[in-house]
Structure formats: C-alpha cells, structure tokens
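Read through the structure below, which is laid out as structure tokens, and then see the notes.
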C-alpha cells in the first residue's frame, strides 16, 4: 500500500514539473523561525522541510518519533507518504493537484510563498491505528522563475477534536492575501474567494492559546490585553462560528479551512 501511495503522489508532482524548481535554493533561517511562531497546531504535531529539487527531507522535527514512530534522522519523504490511509490517497492526490494548479495558474507564482495549503487525511500512527491529521504546507523558497523548492509541512493530530473529514482543501492567504476556503477538489471550478475569514486575527490568537490550555488571565498577560477583553473575544468567536464550546470551535476552524 505504501508504494502505491508514493507512486500516486509522485505522479502529481511529476505532472507539475513546470512549477517545481530545477535549482537548489537557500532558506532564510530567521524568516522560517518567525513563520513557525505563527502556525496554529491544536494538537500533537511535527513538522519538516522537504526540498522538491530532489524530494528529500532537509530537516525533521524530533516530534515525529512519538507521533508516527519514525527516527527523525532516518525517516524519508516516502516513508511519511506511505503512512497515509490508502482510502484517502485519491483525495490527497486531488487536493495536491488542485491547490498547486490554482496557486500557480490563477493566483500567480509571484505569490507562491504567501499562501498556506491545508487539508486533512488519516495517518497510521506509532500505535498502528489510523487517526485524522491536518496537513498544512507553506512554500518557503522559490527559484527565479517562481518554481517552488523548499516546503514547510506540518502534520497535526486532530483526532481528539474530530474524526470527520470534509474532503476539501483550502488556500489560506498570509501576509494579508485573500483566502480560498473549502475547495471541492473533485469539482474545483469555480473556486470562490473569501476575502475575510469569519474570525479576526485577535480572536484566532485567543482561541489558539485557549486550545493550548492557558487560562483567561494567562492569555491576557500573553497578549497584553485585559481579562474581560479575552472573554469578549472568546464569546464573539463562539457566536460567529455558532459553536457551543472551544473544542467544537477548533474542530470547525479546521474543517472549514479557517486556520
């Protein structure tokens, strides 16, 4: 099954060779550190950098050992692909193909590094059970023609929040770019623009810290706002999302592609 997974995804990237770099590119360490600090991972996660120049992992976060059971310095890109549930592979391949095509042919290669790609699938974890994960990917470097090279991939176990996959993908604008949410990868045209996410940046910051276990007082200190303001942001986020509690809200944010 793992080999079939690998062949299917590599075939997607082979067909997209015109937007993949043919050069080795350098990564700005400072920019990468700043980017990681802004990523929302509402559960156990690991991340890695893969270079599509040679499709090799350039950095692997040690968290993969506990989550998937792989040794960080031994795991390959194909090892990770091989852990995707075989029943989810057609969808994963469609999602990859759709977001790459839309990002490069509709949005434009000059904005390739200003978007986060997001969708969900089931992974076989270290205990040999399949659990739902959120996949987030951000292109870190491009060549002179805009072809993508190094990508930051983040895999977060969200099985404690939801086991339901909506089988859609999102292109979330960062650096004030518009977002394209809930893309039907089996019928992607037309893809609708959603200029404004339902929650404000500050509301998302509050939700992120609540999901990490911080109290309202701790959040107020972390964000330099009053405790009452924290409670207001929390109340507004729940109201806008029509959710009854924070776990439900976080699950909806993931399913709807808001984060």
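Just so it is clear, none of the values below were taken in a lab; they were calculated from the coordinates. Computed from a predicted structure; not experimentally measured.
Computed over the chain, relative contact order equals 19 percent, with contacts defined as Cα pairs under 8 Å that lie 6+ residues apart. The long axis of helix 201-211 is offset from the longest Cα principal axis of the chain by roughly 90 degrees. The relative contact order of region 201-255, computed from alpha carbon pairs under 8 Å that lie at least 6 residues apart in sequence, is 35 percent.
One Cα centroid belongs to region 58-100, the other to region 212-246; the line between them spans 33 Å. Name the residue, out of 112, 169, 17, whose mean-square fluctuation peaks in a Gaussian network model built on the chain with Cα pairs under 10 Å. It is 17.
Comparing 113, 229, 163 in a Gaussian network model of the chain, where Cα atoms under 10 Å apart are tied by springs, the biggest mean-square fluctuation is seen for 229. Shown here are the Rg and Dmax of the Cα trace of the chain, at 18.2, 54 Å.
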